[in-house]
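Report on the following structure.
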Amino acid sequence: MRDDSSPHTTRNPKDPKNSAFQRPRVKKWHLLQENRCFVYTMLPPNIEKIHQNLSKRGYFVNLGGLLLEFSGIILAGGTSRRLGQDKRFLSINGQPLIARVLQRLRPLVGELLIVSREPEHFTGLDARVVVDRYPGMGVLAGVHAGLAAAQGDWAFVVAADLPFLNPALLRALADLARRGAADVVVPRCAEGLEPLHALYRPLVCAPAAEAALLQGRRRVVSFYSQVRVLEMPPDEAARWDPERLSFFNVNTPEDWAFVQQRLAP
């Protein structure tokens with residue numbers, strides 16, 4: 001007797017009676033602390049809607065290995081001294097700034113991580129929180145902590161105070177990462193490299209960052225000479241972000257006033 005459940009059986013995905021496409025089999029993959037992770041054994045036609053719904057409920061979904069190719073790391077350790085208030089929770093149209101960053105990054109990745117010395121502040125944000133392993137060593141320590149905890153082949157590393165984070169530009173970085181032989185894919189603007197809006201290969205970059213920390217170095221780019229770096233030139237970044245706002249971060253009251261003006265409803 002022929003086994004109709006065989007993966008080699010030809011099926012019509014448009015047939016409404018075909019339950020394999022209407023209700024794809026799902027198996028539990030593994031746990032990431034309190035968040036549940038699932039992997040689809042086949043992709044249903046409404047996969048985008050399913051992914052959005054599960055993401056809102058705190059699930060990480062691996063679409064046959066597509067989404068967990070990338071992790072998302074948000075660095076949330078800033079002190080906000082110049083601003084005079086905690087910029088991570090400044091409200092933009094009723095939404096905290098860090099939640100806005102998470103929202104823009106979430107559709108591109110299979111897991112989200114927040115790096116902070118104060119994990120208790122982020123319990124309601126549907127992201128895994130990790131703490132610096134080298135406290136007092138600045139931003140590089142946060143980058144290292146995120147990369148060491150990331151499970152994707154690649155990891156976006158972004159700051160928590162980027163109100164104009166541009167998913168189109170992030171996708172362009174991902175495309176470069178897939179095509180190029182590199183361990184870091186980083187945009188360059190007129191002011192220089194943007195290492196806190198970049199893609200890193202955790203398997204290579206986490207140990208390289210740790211080696212730099214052990215040598216007492218704190219700059220994010222201090223380990224770049226030890227890995228393969230692919231730069232996105234300014235004109236290429238401008239294709240996806242003509243106003244060049246993706247790298248704008250909030251440091252001063254004037255910066256915040258500009259954000260409020262641009263994003264006013």
Options Gly138, Gly142: the member that is modelled with pLDDT of 95 or more and closer than 20 Å to Glu194 by Cα:
Gly142
Scanning segment 225-265 for residues that are of a type in the set (Phe, Trp, Tyr) and over 20 Å from Leu170 (Cα atoms), the one modelled with the lowest pLDDT turns out to be Trp256
Looking for something under 24 Å from Asn93 (Cβ atoms), in a loop (DSSP other than H, G, I, E, B) and either hydrophobic (A, V, I, L, M, F, W, C) or in contact (Cβ under 8 Å) with a residue 12 or more places away in the chain (or both) - is there at least one such residue anywhere in segment 197-211?
no
Counting only helices (runs of 4 or more DSSP H) wholly inside segment 69-186, the ones holding at least 3 residues that are in contact (Cβ under 8 Å) with a residue 40 or more places away in the chain and surrounded by fewer than 18 Cβ atoms within 10 Å (Cβ to Cβ) are 167-179
Residues of segment 63-86 satisfying the condition of being in contact with a Ser or Thr (Cβ under 7 Å, 6 or more places away or on another chain) and at pLDDT 85 or above
Ala76
List the pairs whose first member sits in segment 218-230 and is assigned by TED's automatic domain parsing to the domain that holds His144 and under 19 Å from Gly142 (Cβ atoms), whose second member is surrounded by 17 or more Cβ atoms within 10 Å (Cβ to Cβ) and of a type in the set (Asp, Glu), and whose Cβ atoms are under 7 Å apart, counting only residues at least 6 apart or on separate chains?
Val227/Asp183
Checking Arg228, Arg239 in turn, the sole residue that is surrounded by fewer than 16 Cβ atoms within 10 Å (Cβ to Cβ) and over 25 Å from Ala149 (Cα atoms) turns out to be Arg239
Filter result (acidic (Asp, Glu) and either at pLDDT 95 or above or under 13 Å from the mean Cα position of the chain (by Cα) (or both)) within segment 148-169
Asp153
Among the residues of segment 187-194, are any assigned to a strand (DSSP E or B) and buried (at least 24 other Cβ atoms within 10 Å of the Cβ)?
yes
In segment 154-193, the residues that are acidic (Asp, Glu), touching a Lys or Arg at 6+ places or on another chain (Cβ under 7 Å) and farther than 16 Å from Arg104 by Cβ
Asp183
What are the residues in segment 235-264 that are charged (D, E, K, R), closer than 17 Å to Leu165 by Cβ and in a helix (DSSP H, G or I), if any?
Arg239, Asp255, Arg262
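The values are calculated or read from the model by the stated rules, or taken from the named source; none is laboratory data. Predicted model only: the values in this text are computed from it and were never measured. FYI the Cβ positions are ideal-geometry reconstructions off the backbone, even for glycines, and counts take in every protein chain you see.
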